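For reference, the structure is listed below as C-alpha cells.
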Amino acid sequence: MLGPAVIRELAQQLDLRPTKSLGQNFLHDANTIRRIVRTAGLREDDVVLEVGPGLGSLTLGLLPAVARVTAVEIDPRLAALLPATVGTRAPDLADRLTVVQADALRIGELPGPPPTALVANLPYNVAVPVLLHLLELLPTLDRALILVQAEVAERLAAAPGSGAYGIPSVKAAWYGEVRRAGSVGRRVFWPEPNVDSGLVSLTRRPPPEGDRVATFAVVDAAFAPRRKSLRSGLARWAGSPAAAEQRLRAAGIEPSMRGEQLSVTDFARLAATDPVEP
Ligand code: SAM
C-alpha cells in the first residue's frame, strides 16, 4: 500500500497537481484501505471493478484479495503509471490487473471477465452518475462498496420520509439494498478534501416490477418541485393535476403525499399506470 511519502513521490514523478474537477484525493492510509477491502466482503473468485484507481493505493489493497481487478481511470498519466507501480510493488499480482483508460461514465464493454463487485474511492463530483451507470451497464455486479462524500453517502442510503431522501436514494434502491458502511475522515487523503467522507454498500436484489426508464422519469418529475403535493408536482408529467390525481389513485397513492414519502416500488407502480387522455 502507498503511504504519504510514496504518494507524493509518485505524484512528483508525474508532475501531477491533483485536480478538484477529477476529484483527485488519493488515499494514503493503510488502515483505511484494509478497512475498505474488509468491508467490501470480497471472495477469492471476485472480479473487482475499480473506478479511478489513481496512484494505486486501493488497487494494491484489492489485488491480494480477489481473482482480478479491472481499473478504469480517466487520467491518461495515472492510467499509464499504474501497471508499473503494481509491477514494482506487487510483481506476483501484476497479472491480475487490467487498466482501462476511459471515462467511467462513458464505458460500454469492458475487457476480460465480467466484474462481480465494484469497489472504489469515487471521484466525488460524479459519484452518483457513475454508480448508477455501472449498475445499469453491468448486471453481473452483485455488490458495491464505494467511498463518497459524507452527504452523498447519506443521500444514497436514505429511507423514504427522511430529510436526505431524494433522487439518488430512489434510483440506487432500484438496483439494490443500500446501507451506510462507516465514516472516513479527511486526513487519510492527499490532498485533504474539505468535506468528510462515508462508505456506502449496495447489495443487488431484483428490481421492482416495471420499466426502469419510465420509473426514473416519474422520480425525476416528482422531486423537481420539492415539498409540493404529488398531485400538483406531477401535473406536467401526467398532463394536468386531475390526470396526476387519477394516476396516483390508480397506483394506490394518496395525491396529497409528497415525493419524499414514496418508495421505489411505489414509483414503479405509479409509472406503470395508464396515461390519462387529455
Ligand atoms: N483510488 C485512488 C485512491 O483511493 O487513492 C484515487 C481516488 S480519487 C478520489 C478519484 C480518481 O478517479 C482519480 O484518480 C481521478 O483521476 C479518477 N477519475 C475522475 N473522474 C473519472 C471518470 N469519469 N472516470 C474514471 N476515472 C475518473
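The values are calculated or read from the model by the stated rules, or taken from the named source; none is laboratory data. All values reported here derive from a predicted model rather than from experimental measurement. Quick reminder, even Gly has a Cβ in these numbers, built from the backbone with ideal geometry, and neighbours come from all protein chains shown.
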Restricting the range 232-278 to residues that are of a type in the set (D, E, K, R) and surrounded by 19 or more Cβ atoms within 10 Å (Cβ to Cβ), the one farthest from R212 (Cα to Cα) turns out to be E245
Only one of D103, D92, D15 is more than 25 Å from V184 (Cα to Cα), charged (D, E, K, R) and at pLDDT below 95; which? D15
On the given criteria, is D45 surrounded by fewer than 21 Cβ atoms within 10 Å (Cβ to Cβ), within 12 Å of the ligand (Cβ to nearest atom) and at pLDDT 95 or above? no
Expected output for the range 137-158 (first residue within 11 Å of V200 (Cβ to Cβ) and in contact (Cβ under 8 Å) with a residue 40 or more places away in the chain, partner surrounded by fewer than 23 Cβ atoms within 10 Å (Cβ to Cβ) and among the charged types (D, E, K, R), Cβ below 8 Å, 6+ apart or cross-chain) is Q149/D196; A150/D196; A153/R180; E154/R180; A157/R179; A157/R180
Every residue in the range 103-125 that is over 17 Å from the mean Cα position of the chain (by Cα) and either within 30 Å of R155 (Cα to Cα) or of a type in the set (A, V, I, L, M) (or both), please. E109, L110, P114
The range 4-29 - residue that is away from the ligand (no atom under 12 Å from the Cβ) and in contact (Cβ under 8 Å) with a residue 12 or more places away in the chain and, of those, surrounded by the fewest Cβ atoms within 10 Å (Cβ to Cβ): Q13
Residues (in contact with a helix residue (DSSP H, G or I) (Cβ under 9 Å, 6 or more places away or on another chain) and more than 10 Å from the ligand (Cβ to nearest atom)) located in the range 63-78: L63, P64, A65, V66, A67, R68, V69
